[in-house]
Amino acid sequence: MLPGDALYDAARQVDNAAIDRRPAAIMVARDVEDVLATLALSLASGRALAVRAGGHSTPGHGVAEDAVVLDMSGMRGIEIDAVTGTAWVEAGATAGEVTADVHRAGFAIPFGDSGTVGVAGLTLGGGIGWLVRRHGLTIDSLLAAEVIIAAGDRLIASSTENPELFWALRGGGGNFGLVTRFRFNLHPVDTVLAGRVLVPATPGVLRRLIGVLSGAPDGLTVIAGLFPAPLMPEIPDAWHGRLLASLRFAHSGPIADDQSVLDLLRSIGPCVADSVGRKPYPALFPPPSGARMAYAVRTLFVDDLDERAIEIVEGRMAAPSSPEAWIQLRVLGGAAARVANDETAFGHRDRRATATLIAPYEDLTETARHEAWTADFEAELLAAGCGSGAYVNFLGSDGEAALNAAYPPATLARLADAKRRYDPGNLFRSNLNVPPGPGGASG
């Protein structure tokens, strides 16, 4: 598709409505030959190459100004081998459709929590979702990947073939090549106990929230949201405007443990409202609803919420830039923490939670105000020593500071070496870009 074509404007949209870029061409790949042709076009034209699958990158890495965009959404094949408990998944598939397919065979892959997110971007950044504490990050179930590197060579990356490339792909993003498909280990998962428990976000609740949940049984994963209570039928009017914690959860452990899990969640604070029940695992990946929104995002890792952090949270949430602003806490630990920090390029295994500061909005003339609110919020937490680092898939900005937050120094140095080997000319740079290590394009 080219500018002026009927489908061009729709094809250049990404999930974040704040992103408005006009690429020179959008190529929808149906197979590997199309991927190779798009790579050749980018090289021949001298234009940058951007790659998109689900289009959920907050900074809009899936589209770039005057670039060639490789749209992988035409490659959605899924091959399940129930005997070996593995599946090959093409890079354009979404988490929701793959989850539904493998569930019919009695399995699950630990993706995130959104059905429309592309499998490729989610996996290459790490992957934190509903099964993270029981089965680890998405990359912990990755067995192999098929990759086209900048030179045009097609490689298999696994623990036995091109192992350094395999290490870099697991958390290093799209810096090293065009992944056309992934091979995942499958996990038996049928139904889960899931829903949400609403509790007041009082200082006492916030102080114990991360500690209690990161030490819970591995089968329990909680994604908590902190926000001023809206007017909703299920929330008593007396709570309107007060800060609440919504404990969205999934328990994939034994049914016999369901009640003890509920007791644990309800012990965190007095229950304002709840909605829980056993449901098929794919029900946790509902279809999208509502209009496309713009959003400003900042993220960091936190290990607890101490008095100073709580003071900052309460102050910032009392005067948000958007009435829909909220804080998301993804509690880690469990299986994800039992992998060494240097085993993959996701170097934050010892952290207990991600904290993501989110300001959704509709009026694009207000973008600077929302970006400033999230950036200042993050800066205040960092300056107070209330968190550090960043999860690459939730970063809302690019640049050297973001790169150094996403990767510890030893991890970043190793990624730069892999970049020099597999993409010395830095063709794959529409991402959180890791520059090639010493030697660069001539190395």
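The values are calculated or read from the model by the stated rules, or taken from the named source; none is laboratory data. Remember, it's a predicted structure, so these values are computed and weren't measured experimentally. Here Cβ is always computed from backbone atoms with ideal geometry, including for glycine, and neighbour counts include all displayed protein chains.
For the range 275-309, how many residues meet the condition of being under 26 Å from GLY389 (Cβ atoms) and either of a type in the set (A, V, I, L, M, F, W, C) or part of a loop (DSSP other than H, G, I, E, B) (or both)?
11
Being over 27 Å from SER322 (Cβ atoms) and surrounded by 22 or more Cβ atoms within 10 Å (Cβ to Cβ) narrows it down to one of LEU209, LEU213, LEU220, so name that one.
LEU220
If the Cβ limit is 6 Å and pairs must be 6+ apart or interchain, which residue in the range 225-241 that is assigned by TED's automatic domain parsing to the domain that holds LEU329 pairs with which residue that is in a loop (DSSP other than H, G, I, E, B) and among the basic types (Lys, Arg)?
Listed pairs, sorted by first residue: ALA229/ARG242.
Specify which of the listed residues (VAL83, VAL89) is without any contact (Cβ under 8 Å) to a residue 60 or more places away in the chain and not aromatic (Phe, Trp, Tyr).
VAL83
Is it fair to say SER397 is polar (S, T, N, Q), assigned to a loop (DSSP other than H, G, I, E, B) and touching a His at 6+ places or on another chain (Cβ under 7 Å)?
no
Would you mind telling me which numbered condition in (1) surrounded by fewer than 19 Cβ atoms within 10 Å (Cβ to Cβ); (2) touching a helix residue (DSSP H, G or I) at 6+ places or on another chain (Cβ under 8 Å); (3) modelled with pLDDT under 95 GLU400 fails?
Single failed check for GLU400: (2).
Quick grid of which residues meet (1) over 21 Å from GLY121 (Cα atoms); (2) of a type in the set (A, V, I, L, M):
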residue	(1), (2)
VAL297	no, yes
GLU311	yes, no
MET317	yes, yes
GLN328	no, no
THR344	no, no
LEU364	yes, yes
TRP373	yes, no
LEU381	yes, yes
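Which residue is surrounded by the fewest Cβ atoms within 10 Å (Cβ to Cβ), if the candidates are limited to the range 246-274 and must be among the aliphatic types (A, V, I, L, M), assigned to a helix (DSSP H, G or I) and in contact (Cβ under 8 Å) with a residue 12 or more places away in the chain?
Out of the qualifying residues, it is ILE255.
Scan VAL69, VAL32, VAL14, VAL63 and give me the residue that is more than 20 Å from VAL117 (Cβ to Cβ), of a type in the set (Val, Ile, Thr), touching a Lys or Arg at 6+ places or on another chain (Cβ under 8 Å) and in contact (Cβ under 8 Å) with a residue 12 or more places away in the chain.
Criteria check complete, one pass: VAL32.
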